[in-house]
Every structure is written in structure tokens, then in C-alpha cells.
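Taken together, the values in this text are just the output of simple stated rules run on the coordinates, not laboratory data. This structure is a prediction, so every number in the text was calculated from the model and none was measured. With ideal geometry, Cβ positions are generated from the backbone for all residues, glycine too; neighbour counts draw on all protein chains shown.
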Amino acid sequence: MRIDELTRLGYRVVAHKDGQLVSLYGSHKVSDKVGTIVRPGGKGLYLGTLKEFALNYYSGMSDYPDALLTYSYSINDLLEGDPDTGITHPPHDGGEIVVRQAKLVSVEYLPQD
């Protein structure tokens, strides 16, 4: 989703385990503090281009409840992928991008199925 010409939103699903957020890959802790800037280094931060994409493809991958994280990022920090996949052109179910850094803008704790 576009905020403006240079800023987009991306989405990530993590596990909510014992009061902490944990990555589905690597099991490292993830900050739940809105405003936190994430700079993972290495291959970057993987995000879905649409909320529905992140939920459809990544929720339910652990034995714990999920949390949906929404990040904002600058198009200048894009490392891979097309941020407009699913927004302005098909496939309309979204896709995945990789960014150098992103800012956490919201956390939504999801009910466990």
C-alpha cells in the first residue's frame, strides 16, 4: 500500500510466544515497540505487499498465536521485489519484497484458531 510516492507499507506475521514476538524463521525475538526501526542486515527484511498476502501465506506456521506487524519503508530501501504487486497490477493477492530497513507502525495480535 502506498502512503506517498516514496513510502509504502509492508506486512509480516510473527509468533506470539510467552508474551514476546518471535520470528517464524530463526526464532529470534522481534520488537513490538511501535516506532522501532528494523535494520536486519544480511539479506534484509522480508515483507508482504498486502495484509491479506501475509495472513494467507504465513499465519498458522507455529504452535503459538500470530501477530501481524505493519511496517512503513522508503522505496529507496527496496532490495528485491515489486512493491506494487497486488496493488496496481496482478497478481492481486500480493507478493513479497525485501527491504534494507523499515519502521514498525502497528502490531495486531490475532486470535488463535
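What the table below lists for this structure:
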{"quantity": "Cβ-placed point charges (K, R +1; D, E -1), dipole of segment 1-54 about Cα centre in debye, nearest 20", "calculated": "140 debye"}
{"quantity": "Surrounding net charge for LEU21, when Lys and Arg each add one and Asp and Glu each subtract one, Cβ distance under 12 Å", "calculated": "0"}
{"quantity": "Of the trypsin sites (Lys or Arg not before Pro) in segment 14-88, those whose Cβ has at most 10 other Cβ within 10 Å and which sit in DSSP loop", "calculated": "LYS33, LYS43"}
{"quantity": "Antiparallel bridges, percent of DSSP beta bridges restricted to the chain (to nearest 5)", "calculated": "95 percent"}
{"quantity": "Options [x] 38, 27, 22; [y] 73, 30, 20; [z] 42, 25, 24 - which one matches Cα extents along the principal axes in Å as calculated here", "calculated": "[x]"}
{"quantity": "Cα-centred dipole magnitude for the chain, charges only on beta-carbon of K, R (+1) and D, E (-1), debye, nearest 20", "calculated": "460 debye"}
{"quantity": "Partner aspartates and glutamates for LYS29 [C-alpha distance under 13 Å; skip if fewer than 8 residues away on the same chain]", "calculated": "ASP18"}
{"quantity": "Computed [θ] at 222 nm, helices only, for the chain once each DSSP H run of length n ≥ 4 contributes -39500 (n - 2.57)", "calculated": "-2000 deg cm²/dmol"}
{"quantity": "Under-5 Å amide H pairs with GLY95, H placed in peptide plane, nonlocal only", "calculated": "THR49, LEU50"}
